[in-house]
Structures are given as C-alpha cells and as structure tokens.
2 protein chains.
Amino acid sequence: MPKSRAKPLSKEKVQVTFGMAIRARREALLLTQEKVAELAELHTNYVSSVERGERNIGLHNIVRLAFALEMPVGALMACMDMR
Amino acid sequence: MPKSRAKPLSKEKVQVTFGMAIRARREALLLTQEKVAELAELHTNYVSSVERGERNIGLHNIVRLAFALEMPVGALMACMDMR
C-alpha cells in the first residue's frame, strides 16, 4: 500500500461519522426521525440506529436517506472525507 | 412525499450504477480486480460481484474501495446523482 495515502477511517468511526452527518442534515431541515423514516421508506428505529452510528448501512438505504434529506448522495457521503 | 422531487433510483439501478463507477475508476488507474481487492482488503470475488452490480455494498466496504481507488468517498458516490 502506498505510504503516502492515509489509512481509511476505522469501522466505528465510519458509522459514527455518517450518523452525525445524517442527524445534522435532518435537524437542519427541522425534520423528525419519524418524518425522515417515512420519506425514506425505512423504519424509525432503523433511522435512529443509523444516527447513533450503530449500522453498517447499505448502498440502497444510503440512497433512500439522501433522497429523504434532499441531498445529492455524493454531497452526503463527502462527510467521510473530512478528518 | 413532495411531488417536485425525483424518485430515487431503483435497487438494481443503484447497484449497477455503483458497479460501473468502480470498474471505470479501476480501469482508469490500470489496476486489476486482484490489486484493488488487495488494497481494499477485500476478496477478489467480492470486488468482481460489486462491479457486476450484484451487491448492496455496505458503508465500510464503500470506504475501503474509495481508499483503494484513491477517490474521495463523496466523489465516488457522486455517480449515484447522475441520471
């Protein structure tokens, strides 16, 4: 592996970072977890656990959440690039 | 759901779109699937199935692949925003 590249974030850090980004965006839109879950067609408990950094969320659900939060997927995922 | 918003991509389209982006980037870097798998610490068969659009890849592995392909995660995921 090239020495010049930073190691990727740890598994835990990845989930927590993503969860924080989801929560921040939801709160900026003044939406409840229930409303985001409804828009994304996901369970409220699932959205809650994603926000708490407890889920290794899959591609489909990332796309659903981005849709519900009115964010381009790329912009939502850019949270993973900030250290 | 607001009528002004486009529906998110279908599950199949999401996986195929992501797989094509991974393959395009890998080929641009002149890397084999074996090399990308090694850099990402994933199995070659797994990388192959992701490229074929057969996987609902999870957040951790998205981050690993972005790392292996020397792409910011946000830039890699921006493929999901092109229709």
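The values are calculated or read from the model by the stated rules, or taken from the named source; none is laboratory data. Bear in mind that the values here come from a model prediction, so they are computed numbers and not experimental data. Quick reminder, even Gly has a Cβ in these numbers, built from the backbone with ideal geometry, and neighbours come from all protein chains shown. Protein only, heavy atoms only, side chains kept; ligands, DNA and RNA dropped before computing areas. Shrake-Rupley method; radii C 1.70, N 1.55, O 1.52, S 1.80 Å.
Among the residues of B:14-26, the average count of other protein chain beta-carbon atoms within 10 Å of the residue beta-carbon is 1.
Every Cα-Cα pair in the protein assembly as shown was counted, and those over 23 Å apart are 36% of them. Between copies, B:ALA24 shows label-point distances of 2.8 nm, shortest first, with the point placed 7 angstrom from Cα along Cα to C-beta. Across the options B:ALA75, B:ILE57, B:ALA40, the greatest Cα extent toward the positive end of the charge dipole of the protein assembly as shown (unit charges at beta carbon of Lys, Arg, Asp, Glu) belongs to B:ALA75. Ligands, DNA and RNA left out, the 1.4 Å accessible surface of region A:13-83 is 53% carbon and sulfur atoms. Only protein heavy atoms count here, probed at 1.4 Å, and on that basis chains A and B bury about 2900 Å² of accessible area in total. The two copies A and B are related by a rotation, and the chain A beta carbon nearest its axis, with distance in whole angstrom, is A:MET77, 2. Mean sequence separation of contacting Cα pairs (under 8 Å, at least six apart), scaled by the length of chain A, corresponds to a relative contact order of 35 percent.
Listed values for region B:25-42 are Karplus-derived 3J(HN,Hα) couplings in whole Hz (6.51 cos²θ - 1.76 cosθ + 1.60, θ = phi - 60°), namely 5, 4, 5, 5, 8, 6, 9, 7, 4, 4, 5, 4, 4, 4, 5, 8, 6, 10, and x replaces Gly and Pro. Rounded to the nearest 20, the Cβ-based charge dipole of the protein assembly as shown about its Cα centre (Lys and Arg +1, Asp and Glu -1) stands at 160 debye. Mean residue ellipticity, 222 nm, helices only, chain A: the sum of -39500 (n - 2.57) across DSSP H runs of n ≥ 4, divided by residue count and rounded to 500, is -17000 deg cm²/dmol. Computed from Cα positions, the angle between helix B:59-68 and the longest principal axis of chain B comes to roughly 50 degrees. What the pair-distance distribution of chain B shows, using all Cα-Cα distances binned every 5 Å from zero, is 3, 15, 27, 27, 14, 7, 4, 2, 2 percent. Distances between copies at A:SER49, taken between label points 7 Å from Cα along the C-beta direction, are 2.2 nm in increasing order. Residues of region A:44-66 buried by at least 10 Å² of accessible area upon assembly of all protein chains, compared with the chain on its own (1.4 Å probe): A:ASN56, A:ILE57, A:GLY58, A:LEU59, A:HIS60, A:ILE62, A:VAL63, A:ARG64. Looking at chain B, the accessible area is 53 square angstrom per residue; that uses a 1.4 Å probe and ignores ligands, DNA and RNA. Each Lys and Arg Cβ is given +1 and each Asp and Glu Cβ -1; about its Cα centre, chain A then shows a dipole of about 560 debye.
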